[in-house]
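Written out below as structure tokens is the structure these notes cover.
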There are 2 protein chains.
Amino acid sequence: MSLHAPKLAPRDCGDCQIRHRAVCARCDSDELARLEEMKYYRSFQAGQNIVWSADRMDFVGSVVSGIATLTQTMEDGRRQMVGLLLPSDFVGRPGRAIAPYDVTAVTDLVMCCFRRKPFEEMMGTTPHVAQRLLEMTLDELDAAREWMLLLGRKTAREKIASFLTILARRESGLKARAPKGQITFDLPLTREEMADYLGLTLETVSRQMSALKRDGVLELEEKRRITVPSFDRLAEETGDDADGGMLA
Amino acid sequence: MSLHAPKLAPRDCGDCQIRHRAVCARCDSDELARLEEMKYYRSFQAGQNIVWSADRMDFVGSVVSGIATLTQTMEDGRRQMVGLLLPSDFVGRPGRAIAPYDVTAVTDLVMCCFRRKPFEEMMGTTPHVAQRLLEMTLDELDAAREWMLLLGRKTAREKIASFLTILARRESGLKARAPKGQITFDLPLTREEMADYLGLTLETVSRQMSALKRDGVLELEEKRRITVPSFDRLAEETGDDADGGMLA
DNA sequence: TCCGGTCTTTGATCCGGATCAAATGAAAGG
DNA sequence: CCTTTCATTTGATCCGGATCAAAGACCGGA
């Protein structure tokens with residue numbers, strides 16, 4: 001709930017870059033200045049809920065650091081993660097007050113926010129901001145549909161491999177289509193959270209991780225730190241065609 | 001491929017209403033006239049492919065009559081439907097030339113189309129069109145995420161019930177939240193297509209339909225014509241909370 | 001009317017992943 | 001250092017839905 005002032009001068013700080021890239025790649029300096037005035041920071045603790053399903057969500061923004069998830073839950077407690085927010089990802093629904101899912105910080109998290117109403121007003125006067133948001137939403141929709149294929153048709157092993165492929169790709173340079181060679185990265189999620197993302201149980205996730213390790217597809221120094229000796233070898237396990245799945 | 005002239009005067013025809021509702025709820029008459037000039041019609045036969053995955057898609061538009069599907073396919077033939085297009089639904093990706101899925105007519109189909117390029121240009125000059133498209137895309141995204149919950153966590157019986165609930169709701173007045181009493185409608189899809197939508201096999205779909213019939217949740221006069229004696233009874237089977245799942 | 005094809009139902013069996021259960025490991029606090 | 005707690009691994013068993021197989025049901029065409 002607390003509002004945090006940026007720690008660096010606006011024009012220099014990395015956060016602004018992120019905000020700028022996420023929201024508008026083409027703002028002129030006037031618009032940039034208006035965005036600059038509007039923005040504020042919010043911090044959340046690991047495990048803290050940011051928005052509850054069916055609650056009002058009066059801001060939009062992007063993740064500066066940390067990880068957040070979008071989840072849907074059934075009455076009896078069955079959960080399905082429907083989105084994973086990594087640094088530079090955008091959250092929020094311009095034009096929508098109510099989110100149909102929970103947003104939760106899974107690690108300590110800092111977000112760069114804009115109040116929804118004034119942001120929407122700016123959207124009405126600067127057409128390319130609306131177009132940029134449309135682009136981002138289409139990207140999310142593509143990702144969601146790719147995920148539907150995973151949830152509906154892939155085996156447990158393919159699901160794990162697909163998930164790790166996305167993380168590995170993200171780690172080795174933003175959006176690099178098919179990274180080469182060895183990649184090391186941290187797992188941001190517990191086995192249970194991975195299970196919720198992949199439509200599995202935590203035991204199955206654990207077993208399949210062990211199996212992939214046994215088969216030399218990955219190495220686990222610590223439980224949450226992964227090395228993939230060969231990205232291509234991992235990608236073969238996803239069931240996607242060779243050029244690599246998550247095409248946007 | 002053929003272009004079809006509208007059968008009625010533009011201002012009177014039902015197609016225009018559909019197009020108008022789908023694309024822009026707030027056009028003034030100048031913009032309406034521009035849209036009117038741009039639009040054309042295309043017909044497709046049942047089973048015909050409209051766009052292939054990874055092919056260019058040089059138009060956007062809305063379904064006038066008939067049913068189309070969006071599907072993703074893995075190399076080995078596993079298929080997952082990622083969208084179902086009913087009359088008045090919008091298709092197309094302004095700003096995107098390439099679709100990452102197949103679009104297929106499952107019945108004979110008529111679409112009201114606009115060429116993508118000029119449509120995009122109009123989007124740039126009339127901000128509320130971009131906003132309208134953003135709204136529609138957010139709706140699709142919500143639906144996709146709801147579907148992720150279904151694919152990842154629901155039982156076969158719940159999947160079928162959820163699917164029928166959507167059709168029943170759609171049948172009894174567009175977007176009516178929770179229709180009352182008895183509803184009769186046609187199944188637009190074969191058992192196999194339903195299976196591809198729900199992440200099941202056609203045998204499981206058939207068995208669960210039989211089970212729901214045996215339990216009095218639905219009646220099957222013909223194989224593809226369904227009567228739901230009580231919408232609420234059906235909704236109970238979906239696993240969603242009482243107010244009815246697919247909240248937008 | 002019969003025939004061939006497609007869609008659908010139903011039965012029998014199998015298997016991948018869920019469930020139940022227990023042990024191990026690793027970090028946090030007294 | 002020991003206890004507590006939580007994440008993870010691993011084992012044993014079960015079950016829902018997949019797979020394999022066969023038999024209707026329906027339709028259009030000869």
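The values are calculated or read from the model by the stated rules, or taken from the named source; none is laboratory data. Here the structure is a predicted model, which means the values were calculated and not measured. Here Cβ is always computed from backbone atoms with ideal geometry, including for glycine, and neighbour counts include all displayed protein chains.
Of note:
- Test: A:Leu212 is within 24 Å of A:Ala105 (Cβ to Cβ) and either within 16 Å of DNA strand C (Cβ to nearest atom) or touching a residue at least 40 places away in the same chain (Cβ under 8 Å) (or both): no
- Exactly one residue out of B:Leu218, B:Leu149, B:Leu141 is more than 15 Å from B:Gln80 (Cα to Cα) and touching a strand residue (DSSP E or B) at 6+ places or on another chain (Cβ under 8 Å), and it is B:Leu218.
- Just so you know, in segment B:186-204 the residues that are polar (S, T, N, Q) and farther than 19 Å from B:Leu85 by Cβ include one that is surrounded by the fewest Cβ atoms within 10 Å (Cβ to Cβ), and it is B:Thr201.
- Residues within segment B:59-116 that are farther than 20 Å from B:Met136 by Cβ, of a type in the set (D, E, K, R) and in contact with a strand residue (DSSP E or B) (Cβ under 6 Å, 6 or more places away or on another chain), tallied: 2
- Identity of the residue in segment A:74-96, part of a loop (DSSP other than H, G, I, E, B) and in contact (Cβ under 8 Å) with a residue 40 or more places away in the chain, that ends up farthest from the other protein chains (Cβ to nearest Cβ): A:Pro87
- Test: residue in segment B:205-219 that is charged (D, E, K, R), surrounded by 14 or more Cβ atoms within 10 Å (Cβ to Cβ), at pLDDT 95 or above and more than 9 Å from DNA strand D (Cβ to nearest atom): yes
- Scope segment B:154-167; condition surrounded by 21 or more Cβ atoms within 10 Å (Cβ to Cβ) and in a helix (DSSP H, G or I); matching residues: B:Lys159, B:Ile160, B:Ala161, B:Ser162, B:Leu164, B:Thr165
Matching residues to (1) away from DNA strand D (no atom under 16 Å from the Cβ); (2) more than 9 Å from every other protein chain (Cβ to nearest Cβ):
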| position | (1), (2) |
| --- | --- |
| B:Leu133 | yes, no |
| B:Lys154 | no, no |
| B:Arg157 | no, yes |
| B:Glu171 | yes, yes |
| B:Ile183 | yes, yes |
| B:Leu187 | no, yes |
| B:Arg191 | no, yes |
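- The residue that is surrounded by the fewest Cβ atoms within 10 Å (Cβ to Cβ), among those in segment A:97-141 that are part of a strand (DSSP E or B) and in contact (Cβ under 8 Å) with a residue 60 or more places away in the chain, is A:Arg115.
- The lone exception for B:Leu200 - which of (1) touching a Lys or Arg at 6+ places or on another chain (Cβ under 9 Å); (2) part of a helix (DSSP H, G or I); (3) within 14 Å of chain A (Cβ to nearest Cβ); (4) within 15 Å of DNA strand C (Cβ to nearest atom) it fails: (2)
- Hits in segment B:54-70 - residues which are touching an Asp or Glu at 6+ places or on another chain (Cβ under 8 Å) and within 9 Å of chain A (Cβ to nearest Cβ): B:Leu70
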